[in-house]
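Reading through the structure tokens given below for one structure.
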Amino acid sequence: MSLDIIEKLLSDLQIDETAPKILHQKELAAERLRKARTKRDEEIKALKEEQALNTRKGELIQLHSLLVDECRQYVQGFLDQLMDWTNIELAIRMDKKRKSRVAMVVDLPLHLKENKIQLLLEDPDEDEKEDKGKDEQLSDESSDSDPDSDSDTDSDSDSDSDSDSDSNSDSDSDSNSNSDLKNKVIGKRHRLNKQDNLGKLGSGRKGVPVKIDLTQSSFANARIYFDSKKAAEQLQLKVEKGAEIAYRNAEKKISQDFVRNVKKELGSTDSSALRSKLWFEKFYWFVSSEGYLCLAGRDKTQVDMIYFKYVGDDDYLVSSEIEGSLKVFIKNPIKDEAIPPSTILQAGIFAMSASHAWSGKVNTAAWVMQASDVSKYDSAAGNLLPPGEFEYFAKKDLLPPAQLVMGFGFYCDVDEESAKKHAAIRVEREQEHGLVMSLSNKKKALEKLKVTNVKEGLASGSEQGETERNEKLENHKNTENNESNGNAKNHDKSFGKDSKSSPMVSRGKQNKLKKAAAKYADQDEEEKALRMKVLGLNKSLKRKDSKEKSLSLPSPQPVSRLSDQDELERKRKLHQQDVETYLVDPQPKIDLADYFNAMDQLTPKPLSSDTIFDMVPVFAPWSALQKFKYKVKIQPGLAKKGKCINETVNYFTSRKMDANRRDPDLDWPEERDLINKLRPNDLQGVFTVNKMRLILPQNKK
């Protein structure tokens, strides 16, 4: 059964089964299938053995009920005398040596902490089996001795076959030998029984260990074992009933893992690490409850990128005046249709989630404006605005105040066939409502600018910047030359050393230096070093030299100031080059087909016919996640982001699961596996906040 399933999977995948890696995965899958089958069988076998043992113990207690009660009273008598438990065991050992019938049944050590004792009760069935075994052993030994007697009688009969007296004597000898053999067997059996009885009376007594409650009678103790037998029997029925279902589920899980591991060995893209990211996942993003894509930049450079590449005049910009607010662009793919107010309100909540309003728990209002009233060109100054800044030509429409309640959830990333089914449903719905789809990144504010003029402005600006930088470099070189010339004029020799730059000295000091040079002119460097060492002037001279060297070094301030200016100039030129690239390229970076393909690929609640490829995390306003299967509510708080992510993943992986994939509201096995494979660090990038309060549903935990 298991091998047939693996062979079928390999044939469906059209994979060479003889490859070493495939053979290894095949062996692992077959071993897992075998263990899944034997695990249930072993569990059922253990339950059956438990039932048989409990039944046997209960029957033995009933069979030896008088002896059990005597043992209870025997131990209880010691307890009534308030004897120490250690002394009780010593007393029982002494009684065992005296061959007390009751003491021989009690097994040591006692279990007085549980108020129980353990008895070794004889099983008559086992004794009968032992007796039969001994009889067979003795019969085998007797059969081994019979041929000798037969050979003796045969030889006697052959030698004395002529006379009648001889034959009579032979028959008498045969009867005597048989009676002797019977007596030997009986005597040996008595000796064995005597040894068994002595062994049973000794410390190595054989019997079935049975625990007895001192507070219960013998029949009450037997009933306890019978109740345990019934409980094990009911559990066995449940296990047998669900064994086949559990095996099918395990078989399905092993098959999925086998396919995934085989594709991984062959280099196929199956895990989330190899999943190609969607084009908008590099930004902050979410999809509103009405299906509109909302984008926001992670920094000022991304804000400009979104504006130039993906935003058109039909789109909307939502932000707020609070510091740290995001600039959220709402893509409008429906031509001549306004965006619903709920989507705009959700975009406003998303924009304010990254601001101080979240940490301050302030309910404030955002504003909205159409993208056609936004421009990157400063009409007053006649140049481009810095990154992340815009000029607004219309009045900002304030939105009603909204409570900042966010949510975290997972989209199900389905395969191409499932995405086509979702696309067919979407197209049918659009045709019913008469909607016309259109997507563009053209903006009137930028179309008014002539690209040639922009290029000329950029070129003139670059030439002017280059001229200014050359002038600064020339001035810097002249300054360095002047300093070096001044130092050369003030150069003098001292103590036979190489020339160094030194400040101006007075005439008296110059004479002293000349006399010192003449006095020590005959000294070489080695003699001078020894004299300095004797006088202890080496260290002070070294400190003085290091100080002079540090003072003689040129100041790096002009160079660093020049490098800072160059860095600013470089950044300005890069920004202008990016803007030039955006303006020169009139084609949109994303077409309508790619836009809707990405939307159809993500589903908040998959259908039973969908094939789920991966789980895509999303952080969005709570009202935008109402249709999600996997979602949790997030409010402003003090908990760290990583801790909340771990708690969320644990919650998603501990909910009730539908192994048959019939209920769309319950978790499915493949979804659970994909969530378990996600790394918490990879989920942190979608969050616009660092501190939060996680609210988990209490009724679904």
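The values are calculated or read from the model by the stated rules, or taken from the named source; none is laboratory data. The model shown is predicted, which means the values in this text are computed figures rather than measured ones. With ideal geometry, Cβ positions are generated from the backbone for all residues, glycine too; neighbour counts draw on all protein chains shown.
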Report yes if some residue within the range 667-683 is within 30 Å of Asp314 (Cα to Cα) and modelled with pLDDT of 90 or more; otherwise report no. no
Go through (1) in contact (Cβ under 8 Å) with a residue 40 or more places away in the chain; (2) more than 25 Å from Ser609 (Cα to Cα); (3) part of a helix (DSSP H, G or I) and name the single condition Glu671 misses. (2)
Looking at Thr269 and the list (1) farther than 30 Å from Ile330 by Cβ; (2) surrounded by fewer than 17 Cβ atoms within 10 Å (Cβ to Cβ); (3) modelled with pLDDT of 90 or more, which single condition is not satisfied? (3)
Could you say whether any residue in the range 373-386 is part of a helix (DSSP H, G or I) and closer than 15 Å to Tyr307 by Cβ? yes
Output yes when any residue across the range 663-672 is under 30 Å from Ser355 (Cβ atoms), of a type in the set (A, V, I, L, M, F, W, C) and either buried (at least 16 other Cβ atoms within 10 Å of the Cβ) or not assigned by TED's automatic domain parsing to the domain that holds Met352 (or both), and no when none is. no
Criterion first (hydrophobic (A, V, I, L, M, F, W, C), more than 35 Å from the chain's Cα centre (by Cα) and either on the phi > 0 side of the Ramachandran plot or buried (at least 22 other Cβ atoms within 10 Å of the Cβ) (or both)) does Ala347 satisfy it? no
Condition broken by Ser654, with the remaining ones in (1) over 23 Å from Thr611 (Cβ atoms); (2) not in a loop (DSSP other than H, G, I, E, B) satisfied: (2)
Please state which of the following conditions Ala659 fails to meet, knowing it meets all the rest: (1) more than 18 Å from the chain's Cα centre (by Cα); (2) crowded, with 18+ Cβ neighbours inside 10 Å. (2)
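Each row is one residue, and each column tells you yes or no for (1) modelled with pLDDT under 60; (2) touching a Gly at 6+ places or on another chain (Cβ under 7 Å); (3) more than 30 Å from Pro606 (Cβ to Cβ).
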| position | (1), (2), (3) |
| --- | --- |
| Gln403 | no, no, yes |
| Glu417 | no, no, no |
| Val427 | no, no, no |
| Leu435 | no, no, no |
| Ala459 | yes, no, yes |
| Lys472 | yes, no, yes |
| Glu480 | yes, no, yes |
Write out, first by first residue and then by second, each pair whose Cβ atoms fall under 7 Å of each other, whose residues are 6+ apart or on separate chains, and whose first residue, in the range 220-240, is assigned by TED's automatic domain parsing to the domain that holds Lys45 while the second is buried (at least 17 other Cβ atoms within 10 Å of the Cβ) and basic (Lys, Arg). Tyr225/Lys57; Val239/Arg40
Residues of the range 394-418 being touching a Phe, Trp or Tyr at 6+ places or on another chain (Cβ under 8 Å), assigned to a loop (DSSP other than H, G, I, E, B) and free of Cβ contacts under 8 Å to residues at least 40 places away in the same chain, in sequence order, are Lys396
Checking Ile349 against (1) at pLDDT 95 or above; (2) in contact with a Lys or Arg (Cβ under 6 Å, 6 or more places away or on another chain), which single condition isn't satisfied? (2)
Quickly run through the range 653-666 and pick out the residues that are over 16 Å from Leu696 (Cα atoms) and of a type in the set (D, E, K, R). Asp658, Arg661, Arg662, Asp663, Asp665
Take the residues in the range 278-300 that are under 25 Å from the mean Cα position of the chain (by Cα) and closer than 19 Å to Pro604 by Cβ; name whichever of them is modelled with the lowest pLDDT. Leu278
